[in-house]
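Peer 1: Structure below; questions to follow.
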Amino acid sequence: MARDPETIQREIEKTRDALAANLDVLSDRANPKRLVDSGKESVQAKLADPKIKYGLIAVGALVAFALLRKLFR
């Protein structure tokens, strides 16, 4: 069954609009600045957790102690 050219044209325009919207969403998701900002926020949120924060401080103190001990031996 043949379709009339106007119907085909409307379908093409509708598909083109949907494709443009999808490309806009994908370009927003894949934006490097957005990815970097998201990563920074994630790391800062994890470091704000007292368990992790104080654990890293303890590890840093142990490493500093080991280095100082090795230097003065």
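Where a number appears in this text, it was derived from the coordinates with a stated rule and is not lab data. Keep in mind that this is a model prediction, so the values were computed, not measured. Cβ placement follows ideal geometry from the backbone for every residue including glycine, while neighbour counts extend to all protein chains displayed.
Peer 1: Restricting attention to region 15-73, which chymotrypsin sites (Phe, Trp or Tyr not before Pro) occupy a DSSP loop and are surrounded by at most 14 other Cβ atoms within 10 Å? Mind dumping the intermediate values first?
Peer 2: Working: sites: Tyr54, Phe65, Phe72; in loops: Phe72.
Filter output for region 15-73: Phe72.
Peer 1: Kindly count the pairs of lysines across the chain whose alpha carbons are less than 28 Å apart, treating pairs on different chains or eight or more residues apart as eligible. Kindly include the intermediate steps, with their values, before the conclusion.
Peer 2: Numbers: Lys33/Lys46; Lys33/Lys53; Lys40/Lys51; Lys40/Lys53; Lys53/Lys70.
Total qualifying Lys-Lys pairs in the chain comes to 5.
Peer 1: Additional query: Using the eigenvalues of the Cα gyration tensor, what equivalent ellipsoid semi-axes result for region 1-61 when each is taken as the square root of five times the eigenvalue, whole Å, largest first?
Peer 2: For region 1-61, the semi-axes come out at 54, 9, 6 Å.
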